[in-house]
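Following: one structure in structure tokens, then a few remarks.
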Amino acid sequence: MVSYADLLVRLREAIHDHAKDRSVLALMMISLDSVAQVDGALGYETGDRVLTLAAKRIQSVLRASDVPGSIGRGQYACILSRLSSDSLARLAAEKLLRAFEEPFDVMGGQLRVTPQVGLALLTEQVEDASELLRRANVAMLEAKRREEKYRFFEWGDQELIVLQFHLQTDLAQAIEKAELSLIYQPQLDLSSNTITGADAQLRWTHQTEGPVSAIEILYVAERSGLMPRLTDWILSTALRQCADCRRQNLDIGVSINVSALTFPDAEIADMLDRALSLWEVPADRVVVVLNEAISMTHALNAIAVLERLKELGVSLAADGFGMEQSSMMRLRELPLDEIRISEAFVTDMLLGESNKTIVRSMIDIGHTLDMRVVANGVNDAQTRDALKLLGCDVIQGTAVSQPLTFPGLVPLLRRAGNT
């Protein structure tokens, strides 16, 4: 690995040499964001160990002529010169991602590190090394936002990065002024045919940009350090509105989505403990949903945080079950009460017997591990009935109800007899 200063020199030389031939020059930007979690949970010495192992893996997939360099803690750039086509840059990114599929052995546990990768090609519009670096960085950030494995720079990406910069400033004010809101996706228990819970989903209507998606809000919060404040607001608001229902003699549980990037920060357990006490909501009526729980490992103290949440009496759910190869292997490592089958599987389950078999297997796995099984994205009666026959416990989607604001949820519960 060369230093940042040496990388700039080598990149300028590669750009100069590129003018002499017709080959393709690409820059690959790599970010290992999870190293910051290792630093916080296990210390910088362990983080250094992970970075040493990661650097070796990066170098193992590169050609002898490629130039990798460190440009920050957990940040790398690789010069891919004299490529016969841009497809070879794509191949380099794919090889890199495969190299990181195997977890690292750290402190007696296994730590899985997933790189975010951005690629930029040298074109006539790129005048110097700094511009090529900027484009690769923009592509990497956009790949992370879109949850893509890797991404080539596109002109539209720059506009989105500028928008996100402005949203970071506005999000802090939106949290402070309560300009955010929650909507609720009702959940139907298939055995009793009653609405037993509601999934709280984040919404923000920006004054000039209009509706901002929950994924975008979380991404901006993560990049700006606002995630603890946002998480605290979500927990407090959801439990306050759940308490409002209970004061009206409406029995309803609430599911709250929490970003796994709040781990290994144990503060989330304290936030939830305070909110439960303040609003006097029974802990057994609360489900904490972790979108990335399956990718966590024993190497981080995230497991200790999950155990702390369990001590409070809440249930823990893993969303998007089946979307990662490691999901089924890691289920038993986590103190979960519930798995949620991804909408991608539910939507297609009636298109063929093999699709239905996959969903049946997921339900059977959940029940074998004594977990409740929830199906996301159930949007028609046929899918609802099929899931009931397969033994699914709970469903949510438009077959139950459209997502509702809190004022809209209360009349639905009254009609459903949730008293």
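The values are calculated or read from the model by the stated rules, or taken from the named source; none is laboratory data. Please read all numbers here as calculations on a predicted model, not as lab measurements. A quick note on method: Cβ atoms are made from the backbone with ideal geometry, for glycine too, and the neighbour counts reach across all protein chains shown. What goes into the accessible areas is simple: the full protein's heavy atoms, side chains included, and nothing from ligands, DNA or RNA. Shrake-Rupley method; radii C 1.70, N 1.55, O 1.52, S 1.80 Å.
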Pairs of Cα atoms under 8 Å, at least six residues apart: use those to get the relative contact order of the chain, whole percent.
13 percent
Helix axis angle, 214-224 relative to the chain longest principal axis, alpha carbon, degrees:
50 degrees
Assuming a strict under-26 Å limit between Cα atoms, what lysine pair count do you get for the chain once near-sequence pairs (fewer than 8 apart, same chain) are dropped?
6
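How large a share of the accessible area of the range 168-209, in percent, is made up of carbon and sulfur atoms when the probe is 1.4 Å and the other protein chains stay in place? Spell out each step's value before the answer.
Values: 830 of 2000 Å².
Within the range 168-209, the accessible surface is 41 percent carbon and sulfur.
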Amide H proximity to ASN257 below 5 Å, modelled H, separation 5+ or other chain, gives ALA200, VAL289
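Please state, to two decimals, what the Cα-based radius of gyration of the chain comes to when divided by 2.2 N^0.38 Å (N = residues).
Values: Rg = 23.6 Å, N = 419, 2.2 N^0.38 = 21.8 Å.
Computed over Cα atoms of the chain, the ratio equals 1.08.
Run the helix sum for the chain: -39,500 (n - 2.57) per DSSP H stretch of 4+ residues, divided by residue count, reported at 222 nm to the nearest 500 deg cm²/dmol.
On the way: 15 runs with 196 residues, N = 419.
Rounded to the nearest 500, it is -15000 deg cm²/dmol.
By how many nm would the segment from ARG10 to GLU124 lengthen if fully extended, with 0.36 nm per residue of separation less the alpha-carbon distance? Don't jump to the answer; show the numbers that get you there.
Values: separation 114, 0.36 × 114 = 41.04 nm, distance 1.92 nm.
Length difference between fully extended and current span is 39.1 nm.
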Full extension from GLU353 to GLU209: what is 0.36 nm times the residue separation minus their Cα-Cα distance, to one decimal in nm?
47.5 nm
Rounding to the nearest 10 and keeping the result within 0 to 90°, find how far the Cα-based axis of helix 227-247 lies from the longest principal axis of the chain.
10 degrees
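Charges at C-beta only: +1 for Lys and Arg, -1 for Asp and Glu. How large is the resulting dipole of the chain about its Cα centre, in Debye rounded to 20? Spell out each step's value before the answer.
Details: 42 positive and 57 negative charges, 67 e Å.
Roughly 320 debye for the chain.
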Return the loop-located trypsin sites (Lys or Arg not before Pro) in the range 6-65 (DSSP other than H, G, I, E, B) with at most 14 other Cβ atoms within 10 Å of their own Cβ; answer none if there are none.
LYS20, ARG22, ARG63
If unit charges are put on Cβ atoms (+1 for Lys and Arg, -1 for Asp and Glu) and the dipole of the range 49-188 is taken about its Cα centre, the option from LEU97, ILE71, MET140 lying farthest towards the positive end turns out to be LEU97
If you take every DSSP beta bridge fully contained in the chain, what fraction is antiparallel? Give it as a percent rounded to 5.
60 percent
In nanometres, the difference between 0.36 nm per residue of separation and the alpha-carbon distance of SER84 and TRP155 is 23.2 nm
In the range 39-86, what percent of the accessible surface is made up of carbon and sulfur (1.4 Å probe, ligands and nucleic acids excluded)?
48 percent
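With a probe of 1.4 Å, find how much accessible area the range 1-156 has per residue, and write the answer as a whole number in Å².
Values: 7710 Å² over 156 residues.
I get 49 Å² per residue for this part.
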Which angle from 0 to 90°, rounded to the nearest 10, does the C-alpha axis of helix 406-416 make with the longest principal axis of the chain?
40 degrees
Of the GluC sites (Glu not before Pro) in the range 61-127, those whose Cβ has at most 15 other Cβ within 10 Å and which sit in DSSP loop
GLU101, GLU124, GLU127
